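So the structure is just underneath, and the comments pick up after that.
The values are calculated or read from the model by the stated rules, or taken from the named source; none is laboratory data. Quick caveat: nothing in here was measured; it's all calculated off a predicted structure. Quick reminder, even Gly has a Cβ in these numbers, built from the backbone with ideal geometry, and neighbours come from all protein chains shown.
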Amino acid sequence: MEDFLQYNPTRLWFGKDQIEKLQQEPSVEGKRVLLVYGGGSIKRNGVYDAVCEQLSQMKAEVIELSGVEPNPRLATVHKGIAICREQQIDFILAVGGGSVIDCVKAISIGVYYEGDVWDIITRKAVAQKALPFGTVLTLAATGSEMNSLSVITNWELNEKRGWGSPLAYPAFSILDPAYTYSVPLDQTVYGIVDMMSHVLEQYFHRTENAPMIDRFMESVLLTIMEAAPKLVKDLHNFKLRETIMYAGTMAFNGLLSSGTDGGDWASHQIEHGLSAIYDIPHGGGLAIVFPNWMLHCAEDDPSRMKKLAVDVFGMDPAGKSDLELAHEAAAALRAFWSQLGAPSRLADYGIDSSRLDELVQKSFMKDKVGSYKPMTPETVRDILIRSM
């Protein structure tokens, strides 16, 4: 294992009716609160009313920002920053999934930055101060409710950037699995793919002697794989929603990268290029790219794919080469996601090779792409072609 610091300051309120715990958060009491949410589903499913009732009891003055996009856009971040400054907001409350939370993180650090917050997102500047914020999660997927990371799309530049800051941890997050009942089937599936991809990105590390972390990751994957097929057939099952919701949080709150090099993340960067240009669902893009990344990398080093095949998919290694097991693991992952209803080819979104060069270029928004296998434009091109 590598030396590491394990730290997470977010208070996690988990379980049924936990929205009442909002009244135990003193940073909200009597404050001017910016309530941020997406397309309005929280008004149809009752979550909006429940949150507003608590805020009313806390004598908070509420200003709203709605309409956060599934791939949150820089323009919406700018709008939120302007509201916070003009309305002298004290606290931001994100009510929604990872997109809303990611947007709020960017708003919170942009309020006190004199330049364009895109400077911080693109690592040209470092955040020095942030407006405090909390979250009420309504979609299990990204883990943003308990980490310091965010992804923002600059639609004018067709760039989608992942970024992070120690200042971007939520002060608290309230997770009531019942709040995810109204998430439709496709978004439920995309969330499952996303959280599994977070685990898998971290699983493909090159750190020696990290057996406990490996088993943590394997246990999260096995738990999701046990619950997910049942959940897609029973979307109002509280116990299954509960299991998936907690798995999504634990998949990406820092625990699973403890003592390792942090994993690969090339598939995420490739997908960011895809959704920056085509605005496709993040989970859908990952479902297509990740198995093809595995097949590509297996040709150089199939060792971790073999471990995944044996320890997660339960394959018998007898009489099989490591490469054969790696190919079977990639096929098994694709089959599992397809069984849930996830796409398997870019053609499912009407994407062809006409913008292939641009897609390759958009994957290299960072100096380095990939860790398990460092990518080049040629290797990314191969993965994208496999994905067509």
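Residues in region 344-373 that are of a type in the set (Asp, Glu) and either in contact with a Cys (Cβ under 6 Å, 6 or more places away or on another chain) or modelled with pLDDT under 95 (or both): how many? Total meeting the criteria: 1.
Taking region 234-258 as the range and being in a loop (DSSP other than H, G, I, E, B) and within 22 Å of GLY162 (Cβ to Cβ) as the test, the residues that pass are ALA251, PHE252, ASN253, GLY254, SER258.
So which of TYR203, TYR246 is buried (at least 22 other Cβ atoms within 10 Å of the Cβ), hydroxyl-bearing (Ser, Thr, Tyr) and either touching a residue at least 24 places away in the same chain (Cβ under 8 Å) or within 14 Å of GLY263 (Cβ to Cβ) (or both)?
Answer to the check: TYR203.
Just to be sure I understand, how many residues within region 24-56 are of a type in the set (S, T, N, Q), surrounded by 13 or more Cβ atoms within 10 Å (Cβ to Cβ) and modelled with pLDDT of 95 or more? Going through region 24-56 one residue at a time, the tally reaches 1. Looking only at residues in region 335-381 that are under 30 Å from THR260 (Cα atoms) and of a type in the set (Lys, Arg), the one that is surrounded by the most Cβ atoms within 10 Å (Cβ to Cβ) is LYS362. Among the candidates SER303, SER219, SER275, single out the residue that is touching a Lys or Arg at 6+ places or on another chain (Cβ under 9 Å) and polar (S, T, N, Q). On inspection, the qualifying residue turns out to be SER275. When LEU137, LEU131, LEU167 are screened for being in contact with a helix residue (DSSP H, G or I) (Cβ under 7 Å, 6 or more places away or on another chain), closer than 30 Å to ASN237 by Cβ and aliphatic (A, V, I, L, M), only LEU137 passes.
Give ASP194, ASP214 a once-over and let me know the one that is in contact with a Lys or Arg (Cβ under 8 Å, 6 or more places away or on another chain), under 30 Å from LYS373 (Cβ atoms) and assigned to a helix (DSSP H, G or I). I'd like the intermediate steps shown before the answer.
Values: ASP194 fails: in contact with a Lys or Arg (Cβ under 8 Å, 6 or more places away or on another chain).
So the residue among ASP194, ASP214 that is in contact with a Lys or Arg (Cβ under 8 Å, 6 or more places away or on another chain), under 30 Å from LYS373 (Cβ atoms) and assigned to a helix (DSSP H, G or I) is ASP214.
Checking each residue of region 283-302 against the condition of being farther than 19 Å from TYR372 by Cβ, assigned to a helix (DSSP H, G or I), among the polar types (S, T, N, Q) and in the same structural domain as THR207 (by TED's automatic domain parsing) gives no match.
Each row is one residue, and each column tells you yes or no for (1) of a type outside the set (Gly, Ala, Ser); (2) part of a helix (DSSP H, G or I).
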position: LEU323; (1), (2): yes, yes
position: GLU328; (1), (2): yes, yes
position: ALA335; (1), (2): no, yes
position: ASP348; (1), (2): yes, yes
position: ILE351; (1), (2): yes, no
position: SER354; (1), (2): no, yes
position: GLN361; (1), (2): yes, yes
position: VAL369; (1), (2): yes, no
position: MET375; (1), (2): yes, no
